[in-house]
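Just so it is clear, none of the values below were taken in a lab; they were calculated from the coordinates. The shown structure was predicted, so the numbers you read here are calculated from the model rather than taken from an experiment. Backbone-built Cβ (ideal geometry, glycine too); neighbour counts: all protein chains shown.
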Amino acid sequence: MNKKTFTMEVETQMKQAYADGFRYLVTVYKKCPIGDKGTFVSYHYRITDASQTINDSQFRDFLVFQDLSLLIKKPEYFFIT
């Protein structure tokens, strides 16, 4: 898991995940043992899968899911520097 900033590589990765059918991305929203804010955790096809991943995690209080279509269209909502 790596902290991401919005670069061409990250944009390409997200667009490829979206093209592969993924619609949600679980990320860290505040510093925790698995990473800093903005760390990508996992991609998911359905919102229920993303939610279940968060609920099952021992770090659930630090995780949130993002809508990939919004991240691709408006990355400034997530990649705030």
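Brief remarks follow.
- Under 5 Å from the amide H of SER57 lies no amide H of any residue 5 or more positions distant or on a separate chain, with H modelled from the backbone and absent for Pro and chain starts.
- The HN-Hα couplings worked out from phi for the range 38-53 by the Karplus form 6.51 cos²θ - 1.76 cosθ + 1.60 (θ = phi - 60°) are x, 5, 6, 10, 6, 9, 9, 7, 10, 4, 5, 5, 5, 4, 5, 4 Hz, whole numbers, x standing for Gly and Pro.
- Note on LYS30: aspartates and glutamates with a C-alpha under 13 Å away, same-chain residues under 8 apart excluded, are ASP61.
- Note on the chain: with charges restricted to the Cβ of Lys and Arg (+1) and Asp and Glu (-1), its dipole about the Cα centre is near 160 debye.
- Shape class for the chain, computed from the alpha carbon gyration tensor (a ≥ b ≥ c): oblate, with a/c not under 1.5 and a/b at or below b/c.
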